[in-house]
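Written out below as structure tokens is the structure these notes cover.
The values are calculated or read from the model by the stated rules, or taken from the named source; none is laboratory data. All values reported here derive from a predicted model rather than from experimental measurement. Ideal geometry is used to build each Cβ from the backbone, glycine not excepted, and the neighbour counts take in all protein chains shown.
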Amino acid sequence: MSEEQLSALLAKLKEDAGLREKFQGAADLDAVVALGKEAGFDVSKADWLKYQAQQALDLSDEELGNVAGGAAAALVAALLTTDSPMYEGRDVSFSVVTW
């Protein structure tokens, strides 16, 4: 792998609404990995988990409080919405929550 493959996939997800919808509808991490491979990217579970961990480290205290308070669905929606205020000054990337 590769971070390069993951970065390329994340860039593709930013520009391809149809592919993004498929990923948003994925039932679990295995499905996300399969969709990535189907789209031509060699991204493993470990790649996604590492990316997610980094995204979690970058969350603000408010965002972490929302997750701890049971607002995980709102966080996922915010992470998947590129016009979210969460993205001010950040790299806008797709994120998948571990199921």
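Structure above, values below:
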| read-out | value |
| --- | --- |
| Flag if residue 61 is in contact with a helix residue (DSSP H, G or I) (Cβ under 9 Å, 6 or more places away or on another chain), on the phi < 0 side of the Ramachandran plot, modelled with pLDDT under 80 and of a type in the set (D, E, K, R) | no |
| Enumeration of residues in segment 33-63 that are within 20 Å of residue 15 (Cα to Cα) and either surrounded by fewer than 15 Cβ atoms within 10 Å (Cβ to Cβ) or free of Cβ contacts under 8 Å to residues at least 12 places away in the same chain (or both) | 34, 37, 38, 40 |
| Every residue from segment 1-32 that is out of contact with any helix residue (DSSP H, G or I) (no Cβ under 8 Å at 6 or more places or on another chain) and either among the β-branched types (Val, Ile, Thr) or without any contact (Cβ under 8 Å) to a residue 24 or more places away in the chain (or both) | 4, 7, 11, 15, 16, 17, 18, 21, 25, 31 |
